[in-house]
1. Is there any pair with a first residue in region 141-154 that is in contact (Cβ under 8 Å) with a residue 40 or more places away in the chain and a second that is basic (Lys, Arg) whose Cβ atoms are under 6 Å apart and which are 6 or more apart or on different chains, and what are they?
2. Looking at this structure, is GLN5 under 19 Å from ILE111 (Cβ atoms), open to solvent by 20 Å² or more (accessible area, probe 1.4 Å) and within 26 Å of the chain's Cα centre (by Cα)?
3. So, in region 192-228, exactly how many residues are polar (S, T, N, Q) and surrounded by 16 or more Cβ atoms within 10 Å (Cβ to Cβ)?
4. Can you tell me which residues in region 1-45 are in contact (Cβ under 8 Å) with a residue 40 or more places away in the chain and within 19 Å of SER82 (Cβ to Cβ)?
5. Determine the pairs where a residue that is open to solvent by 60 Å² or more (accessible area, probe 1.4 Å), located within region 171-191, has a partner that is among the acidic types (Asp, Glu) with Cβ atoms under 9 Å apart, the partner being 6 or more residues away or on another chain.
6. Of (1) open to solvent by less than 50 Å² (accessible area, probe 1.4 Å); (2) under 18 Å from LEU133 (Cβ atoms), ARG152 satisfies all except one. Which?
7. Could you list, ordered by first residue, the pairs with Cβ atoms under 9 Å in which the first is in region 88-110 and in contact (Cβ under 8 Å) with a residue 12 or more places away in the chain and part of a strand (DSSP E or B) and the second is among the hydroxyl-bearing types (Ser, Thr, Tyr) and open to solvent by less than 40 Å² (accessible area, probe 1.4 Å), at least 6 apart or interchain?
Amino acid sequence: MKELQTILVVDDDKSIAELLRDFLENDGFHVETSYDAIQALAVLKQGTIHCIILDIMMPGMNGFELCRQIRSESNVPILFLSARSDDVDKIRGLALGGDDYIVKTASPGEIVARVKAVLRRSSSHQELKRRVLEYGRLTLDLSTREVFVGGRPISLTPKEYDLLLLFAEHPKYVFSYDQLLEKFWSGIGDKHTIRVHLSRLREKIEADPNDPQFIVNVWGIGYRFKGE
């Protein structure tokens with residue numbers, strides 16, 4: 001079953017917050033409501049929020065100030081909700097990190113549609129941001145520089161990771177000893193330098209380092225990544 005996305009509605013007008021909650025829940029979202037900034041910050045600490053609908057004019061900390069505080073810690077999509085339609089508030093809200101600006105005269109249906117649009121954009125951005133290379137049991141997460149073999153995290157040195165990444169991004173390409181020395185050791189060293197590093201790398205990612213399945217020798221030339 002697909003996990004419900006959670007929307008946080010922050011508005012000191014309880015009737016508006018409850019109306020939006022009803023429409024969003026009817027469209028398949030889970031909704032949390034807060035009536036001031038302090039409540040909202042407490043909700044954000046309790047669990048995952050996928051999108052925030054944020055009123056601007058609230059007692060105490062207003063929506064702009066709350067947005068600034070949220071943005072110091074999170075990139076969760078924020079839609080400003082305001083009774084004012086002038087460009088000054090809109091420009092300020094977007095400049096502070098808001099993803100959209102909605103006037104309260106908009107219908108609840110339009111607000112739901114705008115929430116869905118922001119979530120789609122956010123999802124697409126995250127997919128682009130998180131690049132993953134997978135080759136059988138070997139996985140490289142380029143966004144975090146993490147490597148997994150059979151789902152188990154592998155600890156690599158920066159040099160080992162960069163070597164593996166070069167091979168994984170160019171499967172079946174044969175890299176010569178000279179190319180590897182130039183790229184990673186500024187041309188200083190010899191074949192033994194490369195062999196030592198690749199031997200250590202193989203010990204960490206190969207089921208049998210003596211019969212490698214990922215990085216293989218091309219005798220007399222260098223190495224290539226099988227990528228199969």
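1. Between residues of region 141-154 that are in contact (Cβ under 8 Å) with a residue 40 or more places away in the chain and residues that are basic (Lys, Arg), the close pairs are VAL149/ARG137; ILE154/LYS204.
2. On the way: under 19 Å from ILE111 (Cβ atoms): yes; open to solvent by 20 Å² or more (accessible area, probe 1.4 Å): yes; within 26 Å of the chain's Cα centre (by Cα): yes.
Answer is yes for this residue.
3. Of region 192-228, the ones polar (S, T, N, Q) are 193, 199, 210, 213, 217.
Filter once more, so that each one left must be surrounded by 16 or more Cβ atoms within 10 Å (Cβ to Cβ): 213.
Total meeting the criteria: 1.
4. Of everything in region 1-45, those that are in contact (Cβ under 8 Å) with a residue 40 or more places away in the chain and within 19 Å of SER82 (Cβ to Cβ) turn out to be ILE7, LEU8, VAL9, VAL10, ASP11, ASP12, ASP13, ILE16, LEU19, LEU20, PHE23, LEU24.
5. What qualifies is LYS172/GLU228; LYS183/ASP162.
6. Every listed condition holds for ARG152 apart from (1).
7. Here the result reads TYR101/SER82; ILE102/SER82; VAL103/SER82, each pair linking region 88-110 to a residue that is among the hydroxyl-bearing types (Ser, Thr, Tyr) and open to solvent by less than 40 Å² (accessible area, probe 1.4 Å).
The values are calculated or read from the model by the stated rules, or taken from the named source; none is laboratory data. None of the values given here were measured: they were computed from a predicted structure. As a convention, Cβ positions derive from the backbone with ideal geometry for all residues, glycine included, and neighbour counts pool all protein chains shown. The protein model used for the area step is the full one, side chains on, heavy atoms only, and it has no ligands, DNA or RNA in it. Shrake-Rupley method; radii C 1.70, N 1.55, O 1.52, S 1.80 Å.
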